[in-house]
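The values are calculated or read from the model by the stated rules, or taken from the named source; none is laboratory data. Just so we're clear, the structure is a prediction, and the values are computed from it rather than from any experiment. In this analysis, Cβ positions are derived from the backbone assuming ideal geometry, glycine residues included, and neighbour counts consider all displayed protein chains. Ligands, DNA and RNA are stripped out before the accessible areas are found, and what is left, the full protein with its side chains, is counted by its heavy atoms. Shrake-Rupley method; radii C 1.70, N 1.55, O 1.52, S 1.80 Å.
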Amino acid sequence: MKVILIDDEPLALDTLESKLNSLNDITIVETFLSIDLNENNSLIKEIDCAFIDIEMPGTNGIELAEMLLEINPGLFIVFVTAFKKYAVEAFELNATDFLLKPIYQQRVSKTIHRIKEYYNPTPKNEQHKNESTLLLNLCGDLTFNLDHHELDRVKWRTTKARELFIYLVQNHEKPIPKNELMFMLWPDFTIEKASAQLYTSIYQIRKTLKRFSDYITIKSIQDSYILIMKNVKIDIIEWEKGIESLPSLSSNSISNYEEVMNIYTDTYLEKDDFLWADSERYRTKKHGIKQLQKWLFTITIMKNSEKPRNG
């Protein structure tokens, strides 16, 4: 397991490094008093775990952890702190673990054991290639297809993480203010509590969709989140694009129309009752029913006219 250590105190770094070096299967790739994310981008993508001091001059360890996770969504985070109050916050942010200073060998060993329980590097033959196409199906229920093959249903840690992901998909490539997300998903929470829940849910999404990291990334830009997709298609969008590109309906183009109709398998997010999805659900449903009825009527007449008549 490859790890990095980030702490502005040299003695604290040396102490933690010494205790980790005494354990098996741990490789300390680098230690940092401060870290330049751009300069170490490649390194961050290759490591498995980061031990981060929460309180550092000019740097908030929790915000730093979020930026590391943008680069490597599968990264395990262990916060290191001298203050017990941060331990609770670390768990609220869904860190793998936290270490209280002074650090003891037995506690470090327990942390590594906890990480290994979840540590499961993706075999190379299971990694998806960039040239493949990931399809997100939002008609009916959220499912994932890779190159036309439906994948196992994604297991979400919480319903809020799943809802947040779908909302980001609906608004992909557009920055969504964090305050908007907090108010939408946790309207009755304090700002501090809602903020912690938002960080947690983003963390869970990145962990849950780790295998799709080549296709889907979530970035934090100032006070907003933005979902960026590469080689990804969304069924409802492909359906509407298909409608716009259809030729005039004729006996020669019936198959094109049937192909587009087959994309619209169900109402947009039919399985969910998200209030924020109502307008889009109504719009696509109205559009879909109108188009389907029109096409089916015309295609039925055309097919019947082509049947040979007896006598």
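A compact table of results
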{"item": "Every residue from region 198-212 that is touching a helix residue (DSSP H, G or I) at 6+ places or on another chain (Cβ under 8 Å) and modelled with pLDDT under 85", "result": "Tyr199, Thr200, Tyr203, Gln204"}
{"item": "Residues that are surrounded by 15 or more Cβ atoms within 10 Å (Cβ to Cβ) and either part of a helix (DSSP H, G or I) or at pLDDT below 60 (or both), drawn from region 81-90", "result": "Tyr86, Ala87, Glu89, Ala90"}
{"item": "Neighbours by Cβ (under 7 Å, 6+ apart or cross-chain): first from region 234-262, more than 21 Å from Cys139 (Cα to Cα); second assigned to a helix (DSSP H, G or I) and open to solvent by 30 Å² or more (accessible area, probe 1.4 Å)", "result": "Pro247/Asn256; Leu249/Thr298; Ser251/Met302; Ser251/Glu306; Ile254/Met302"}
{"item": "Residues that are without any contact (Cβ under 8 Å) to a residue 24 or more places away in the chain and either surrounded by 21 or more Cβ atoms within 10 Å (Cβ to Cβ) or not in a strand (DSSP E or B) (or both), drawn from region 59-75", "result": "Glu63"}
{"item": "Residues of region 1-24 satisfying the condition of being without any contact (Cβ under 8 Å) to a residue 60 or more places away in the chain and either open to solvent by 30 Å² or more (accessible area, probe 1.4 Å) or in contact with a Gly (Cβ under 9 Å, 6 or more places away or on another chain) (or both)", "result": "Lys2, Ile6, Asp8, Glu9, Pro10, Leu11, Asp14, Glu17, Ser18, Asn21, Asn24"}
{"item": "Hits in region 140-157 - residues which are touching a strand residue (DSSP E or B) at 6+ places or on another chain (Cβ under 8 Å), assigned to a loop (DSSP other than H, G, I, E, B), open to solvent by less than 80 Å² (accessible area, probe 1.4 Å) and not β-branched (Val, Ile, Thr)", "result": "Leu142, Leu151"}
{"item": "Failed criterion for Val78 (all others in (1) surrounded by 20 or more Cβ atoms within 10 Å (Cβ to Cβ); (2) modelled with pLDDT under 90; (3) not in a loop (DSSP other than H, G, I, E, B) hold)", "result": "(2)"}
{"item": "Any hit, region 167-186, residues being under 18 Å from Ala65 (Cα atoms) and open to solvent by less than 50 Å² (accessible area, probe 1.4 Å)", "result": "yes"}
{"item": "Residue ID - modelled with the lowest pLDDT, chosen from residues in region 91-118 that are part of a loop (DSSP other than H, G, I, E, B) and open to solvent by 70 Å² or more (accessible area, probe 1.4 Å)", "result": "Pro102"}
{"item": "Single residue of Asp278, Asp273, Asp266, Asp235 found to be acidic (Asp, Glu), open to solvent by less than 40 Å² (accessible area, probe 1.4 Å) and within 26 Å of the chain's Cα centre (by Cα)", "result": "Asp235"}
